[in-house]
Amino acid sequence: MYTKSRSLCNDLNYKTQGNFTGREESLTMNNSKISLWKRIYLWIITFEGGNEYEEDTTKNYHSIPLRTNYMFFLGGRFRTVKRSRHYSIIVFAIMVVPGVLFSVFECSNLWHTHHGYKALVFFFYYFWAMCIFFFIKVSTNDAGVLPRNIHIGKIMENNNKETIIIPDEYTNTIRLPVANKNHSIELKYCSTCHIWRPPRASHCSICQACIDVHDHHCIWINNCVGNRNYRYFIIFLVGAILSSIFIIINCSIHVARIRRASNAPVAILLIVYGCLTIIYPGILLGYHIALTGTGQTTREFLHTLHGIKNPMLSRVTRARDNAFDSGSFFHNMIFLMAQRQAPSFLPSRGTHSRDDWRFR
Amino acid sequence: MENPQFFNYHEFSLDPEKNSSEPEELCVSHFPDIYCKPTRDGMINKNYRIVRIPRRFENTLGIPYFSNVLPGNEPAALTYDYEDQGFLPHENVDGIAYGISSFSPLSLYISPEEFQNIIDKVNRFLEEGFRVNSFFNFITIILDFLLLGAWDIVFNYFYFDSFQELERYVQQLNNSDLFKRNNIRLISPQKSGYLSLDFEVPTPRILRTNSEADSTSRLESASTSKITPHNDQ
């Protein structure tokens, strides 16, 4: 319930947060011209952001890295998380290697037979491409980053410095009614992003941003899985499983058609490879089907485990007091897996004025 | 556990100045305008304030749905019997007037009916845009799957969805006579990430005449005070 409590405030100074520093720099460098090389370099890779404002507006991908842990490539078309372990490169290599081996050693054997194996080869390449494309999409796209500083309570000015004041009321977790009278929903204020987070949104400490419908931060794709890339994540898993199945089928046919298996070492290697690489995506997909069917995100499920470090060993059960659980497994699953993507709130290729608080 | 009631979770209470004769806490129902162009020295523009319309969850959980009652009319809003007409400035703090109830300065410019019409329309656009069980959503997923993600790129170029229609509606609203006359503006909800629906209103300020300054009754001075909208844009 709402209480009229005294509102002494948490004081978050821009100077101490480092937020205002970027702005000061931008203002002092306002008149400086960026060299062509610097401009090209910034377009190719924007690691720490571009503080230089030639005009009153600047590209979003120049400013976002100053406040978050994202870095951008090719004019903001792709992003990844900097200052993290880049396991995504290893995952990418794991996906590419079998396709290359198959193309070099196996493909022609099946393609030139007269038993209609061409379709199987085609399906392998199709799902392999699906796996790679959606991996790139899920790992380099905006997961649903929410804008900053939308819900500032008060701003105090002192010696030409602006200080954000967080009222005491904003530090409480509040409960609000939902349609089902037996349930309620909890909202929390993010003191880093200065927003009232909608239900299911959470602040990712690795990406340093609040993500809408935050499922989890995936170290294997080096990005969060949220509202804007959840469906891609599922398609990526499906692609990984199907490409593994088809590489096993194709290579098994090759092994079956020769007299001695030792004459096709690459085919055997790829069968083993396929059997190994199907396990993790398979478990993960099953896990997400179970989670979404019970109306939970990974984050919500982990909260219910209380200290169990490996969630894979825990049985997925329906959470108590889950306002999102409609009671129907299929409906819950569709609700999460097919959720509509909101437009990107901070489109990396867009522009903003240098005074825009959402980028401070 | 007691069932919670809906209220505007953006508002908070503020202690009046220590030397104030009025012990009552103020209710902050309007907030700094982060969307407005700052002053020349780069500080936040104090001529405008933001009234935030919160999201409600009784109707739907997965789709942003904004409260369609004017702030101050929510079930658990702070209200006083003598303040049933809307926002009444009570005291200036740092040159900005605050009331003691949940009513916001928006109630000075828009009637509850006009407000409900606007919000209902915004909610309809959002419902259409975020609806999971729609033909377009399933077609998009299937084509995205079949065309290896290429459909999403094509789709964004050629399909005008309800999010864009909502943006057009916001522009249309801001150009309307009601909004221009009252010098108010609805901020693009995409800009605020659909976290709240933000109305930009002129900063309410209490201008006291000498006779009012002599008055000992805070309530009386509030009710007779004038609110001065500032237009320096």
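Values quoted throughout were computed directly from the atomic coordinates according to the rules given, and no laboratory measurement underlies them. Remember, it's a predicted structure, so these values are computed and weren't measured experimentally. Backbone-built Cβ (ideal geometry, glycine too); neighbour counts: all protein chains shown.
Things to note:
- Of the cross-linked pairs A:K82/B:K191; A:K38/B:K46; A:K161/B:K121; A:K82/B:K46; A:K188/B:K180; A:K188/B:K121, those separated by over 32 Å at the C-alpha level are A:K38/B:K46; A:K161/B:K121; A:K82/B:K46; A:K188/B:K180.
- A full extension of the chain between A:L269 and A:W37 corresponds to an added length of 78.9 nm, given 0.36 nm per residue minus the alpha carbon distance.
- Along each principal axis, Cα extent of region A:83-165, largest first, Å: 81, 22, 14
- In chain A, helices alone account for a calculated mean residue ellipticity at 222 nm of -12500 deg cm²/dmol, with every DSSP H run of four or more residues adding -39,500 (n - 2.57).
- Measuring r between the beta carbons of A:N310 and B:L207 and using R0 = 51 Å, the FRET efficiency lands at 0.20.
- Sites A:R257 and A:I44, calculated FRET efficiency, Cβ-Cβ separation with R0 60 Å, nearest 0.05: 0.80
- The label point for B:Q164 and the one for B:N59, both projected 7 Å from the Cα toward the Cβ, are 2.5 nm apart.
- Residues considered: A:L101, A:L74, A:L313. Largest GNM mean-square fluctuation over chain A, using C-alpha springs under 10 Å, is found at A:L313.
- Restriction of the trypsin sites (Lys or Arg not before Pro) in region A:172-261 to DSSP coil positions whose beta-carbon has at most 13 other beta-carbons within 10 angstrom yields A:K181, A:R259, A:R260.
- Residue-wise HN-Hα coupling along region B:33-45, computed from phi with Karplus coefficients 6.51, -1.76, 1.60 (Hz; x: Gly, Pro): 8, 7, 8, 7, 4, x, 6, 4, 7, x, 8, 5, 6
- Highest average packing first - A:349-355, A:238-244, Cβ atoms within 10 Å: A:238-244, A:349-355
- Cα centroid separation, region A:233-261 to region A:84-106 (Å): 15
- Remark: mean inter-chain Cβ contacts per residue of B:29-36 equal 5, using a 10 Å Cβ-Cβ cutoff to other protein chain atoms.
- Selected from A:D168, A:D215, A:D325 as most flexible by GNM, with chain A as the system and alpha-carbon contacts under 10 Å: A:D168
- Build a GNM of chain A with springs between Cα atoms under 10 Å apart, and of A:E169, A:E157, A:E186 the one that fluctuates most is A:E157.
- Kyte-Doolittle mean at least -0.5, axial Cα span of 24 Å or more - DSSP H helices of chain A: A:118-140, A:230-257
- Pairwise label distance in nanometres, B:A150 with B:D94, each label 7 Å out on the Cα-Cβ vector: 5.5
- Share of Cα-Cα pairs in region A:159-311 lying beyond 24 Å, as whole percent: 54
- Taking a Cβ cut-off of under 13 Å around A:I253, the surrounding Lys, Arg, Asp and Glu residues balance to a net charge of +1, with basic ones at +1 and acidic ones at -1.
- Taking Cβ atoms as reference points and 12 Å as the exclusive limit, the residues near A:P198 contribute a net charge of +3, counting Lys and Arg as +1 and Asp and Glu as -1.
- Using only Cα coordinates, the Kirkwood hydrodynamic radius of chain A works out to 23.4 Å.
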